Amino acid sequence: MEAERRPAPGSPSEGLFADGHLILWTLCSVLLPVFITFWCSLQRSRRQLHRRDIFRKSKHGWRDTDLFSQPTYCCVCAQHILQGAFCDCCGLRVDEGCLRKADKRFQCKEIMLKNDTKVLDAMPHHWIRGNVPLCSYCMVCKQQCGCQPKLCDYRCIWCQKTVHDECMKNSLKNEKCDFGEFKNLIIPPSYLTSINQMRKDKKTDYEVLASKLGKQWTPLIILANSRSGTNMGEGLLGEFRILLNPVQVFDVTKTPPIKALQLCTLLPYYSARVLVCGGDGTVGWVLDAVDDMKIKGQEKYIPQVAVLPLGTGNDLSNTLGWGTGYAGEIPVAQVLRNVMEADGIKLDRWKVQVTNKGYYNLRKPKEFTMNNYFSVGPDALMALNFHAHREKAPSLFSSRILNKLELDGERVALPSLEGIIVLNIGYWGGGCRLWEGMGDETYPLARHDDGLLEVVGVYGSFHCAQIQVKLANPFRIGQAHTVRLILKCSMMPMQVDGEPWAQGPCTVTITHKTHAMMLYFSGEQTDDDISSTSDQEDIKATE
């Protein structure tokens with residue numbers, strides 16, 4: 001009877017049963033991966049929220065990384081790790097699973113000490129274990145540290161000295177830290193604590209307090225643009241925080257220079273130095289903030305400014321001896337050494353006033369501050385990227401752009417030019433010494449601190465290109481303390497320090513505005529620098 005109840009082979013009911021199994025397995029094969037992917041993404045999201053919560057509440061400067069650049073071991077579990085998080089202030093490195101333990105167990109750099117600390121030089125070493133920099137040497141036995149494939153040896157996060165596990169003694173743990181090689185650049189946490197107490201007591205005699213740190217103490221403030229140089233500034237911020245006090249390091253995209261420079265008012269008169277990490281535009285932004293300090297009556301706190309050039313071009317940094325661009329070719333520690341060796345020098349800053357023509361124009365004149373150069377014509381056109389409009393706007397390429405040019409009030413006769421370039425610094429166009437040019441003709445060397453502008457003309461875009469590859473010289477017009485241009489064209493490209501715009505008929509007046517105190521580094525010179533230096537020596541010899 002049971003055999004009779006079973007469906008015959010090939011019957012419709014057996015086919016439906018088989019189709020049901022097929023549908024079930026198909027759904028499982030499709031939905032199971034989807035479920036697993038959803039579950040993994042949910043867990044990943046929870047882990048990210050967990051990390052963000054720790055990062056937000058932590059005093060460490062935690063940053064994620066997908067791959068450490070050198071063999072790395074977790075500071076908690078001591079296991080070898082390829083990815084995880086690191087603190088860009090103290091240098092701790094940790095696996096993701098040990099992040100919370102590390103955050104609770106290890107203390108980061110203290111930018112200020114406890115209020116009961118009264119002696120400036122009483123700060124002990126702050127040791128952390130493992131992951132010491134490559135090519136480090138023990139301060140006790142002078143042998144290499146960190147060469148074993150495990151979490152080993154110690155590093156002080158302030159003076160950067162390292163010591164072997166077996167060389168670490170109780171005396172070292174209590175030894176006072178001298179802040180190492182860069183002690184003259186570091187603002188000690190105890191100094192800020194003392195300053196805070198003095199301000200509460202309404203005292204401002206910082207000179208007496210600073211005298212305990214020595215006459216060579218020139219604290220350095222880092223102002224880095226994290227968006228400059230293909231976001232290279234972000235990594236530099238962390239490297240500077242490790243070598244200095246984190247309170248000295250600012251990202252100008254988050255903290256404007258005018259606010260960051262208020263730290264100078266807590267330092268002795270004329271002692272502060274500033275390192276600007278960015279392009280010439282960032283340097284101009286910082287120098288504008290320095291001018292604002294003068295307006296506020298803070299002249300005694302004005303810092304000297306050095307430059308770490310990021311990106312391309314950077315004619316101002318090149319003029320000051322810092323090169324055309326930084327791409328990590330030298331360690332950050334060497335950058336700090338260069339700053340310590342640099343000498344003070346003045347930089348002229350100029351006011352560029354653009355007044356539109358017209359009897360009924362009630363708008364105020366445009367005003368700009370110039371550090372590098374002003375130009376109108378083909379040079380500005382390249383900056384403005386008007387190449388696509390050559391056919392559409394022929395007025396941008398008129399053969400003669402000037403109605404009148406005056407140098408120190410005297411009118412100058414000109415040939416048929418397409419562009420005028422007014423220079424404050426020696427370099428132009430990404431490294432070309434425009435005024436000196438080439439050939440046997442001798443011209444007074446361009447300087448950036450003599451209160452004079454160099455004015456040259458160009459015949460067109462092709463002439464600009466020839467000048468940049470040293471196949472031609474510009475038409476040298478002269479030097480002056482004041483330059484006045486009257487433009488008659490309906491529309492012309494114009495730029496100040498690489499910031500371009502299209503300008504109608506107008507009068508441009510360039511006058512001296514102020515001086516900026518800069519730092520000049522003479523450690524590395526290009527061929528052009530060497531030739532210019534030799535020319536200066538020859539001129540002095542003839543005199």
Original post:
Between GLN216 and TRP25, what length comes free when the chain is fully extended (0.36 nm per residue of separation minus the Cα-Cα distance, one decimal in nm)?
Top reply: 60.9 nm
Original post:
Length gain on complete extension for the stretch LYS176 to LYS300, per 0.36 nm per residue less the alpha carbon to alpha carbon distance?
Top reply: 41.4 nm
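Can you tally the net charge around ILE157? Count Lys and Arg as +1, Asp and Glu as -1, for every other residue whose Cβ sits under 12 Å from the Cβ of ILE157. Don't jump to the answer; show the numbers that get you there.
Values: positive: LYS109, ARG129, ARG155, LYS161, ARG241; negative: ASP88, GLU110.
With Lys, Arg at +1 and Asp, Glu at -1, the neighbours total +3.
May I ask you to compute the full-extension gain from THR204 to MET491, defined as 0.36 nm times their residue separation minus their alpha-carbon distance, rounded to one decimal in nm?
On the way: separation 287, 0.36 × 287 = 103.32 nm, distance 5.50 nm.
Difference between extended and current length: 97.8 nm.
Going by the alpha-carbon gyration tensor, a ≥ b ≥ c the square roots of its eigenvalues, is segment 172-268 rounded (a/c under 1.5) or, if a/c is not under 1.5, prolate (a/b greater than b/c) versus oblate?
Numbers: a/c = 2.40, a/b = 1.40, b/c = 1.72.
The shape class here is oblate.
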Subject >> Computed label-point distance, nm, for sites ALA78 and GLU499 using a 7 Å Cα→Cβ extension >> reply: 5.7 nm
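Once R0 is set to 45 Å, what does the formula 1/(1 + (r/R0)^6) return for the Cβ-Cβ distance between LYS169 and PHE35, expressed as a FRET efficiency to the nearest 0.05?
Details: r = 57 Å, r/R0 = 1.28.
That gives a FRET efficiency of 0.20.
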**OP:** Grab the other residues whose beta carbon is less than 13 angstrom from that of LEU423, score K and R as +1, D and E as -1, and report the net.
**Re:** -4
Original post:
DSSP beta bridges in segment 248-377, what fraction antiparallel, as a percent rounded to 5?
Top reply: 45 percent
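Values quoted throughout were computed directly from the atomic coordinates according to the rules given, and no laboratory measurement underlies them. No experiment lies behind these values; they were computed from the predicted model shown. For neighbour counting, all protein chains shown are included, and Cβ atoms are generated from backbone atoms with ideal geometry for every residue, glycine included.
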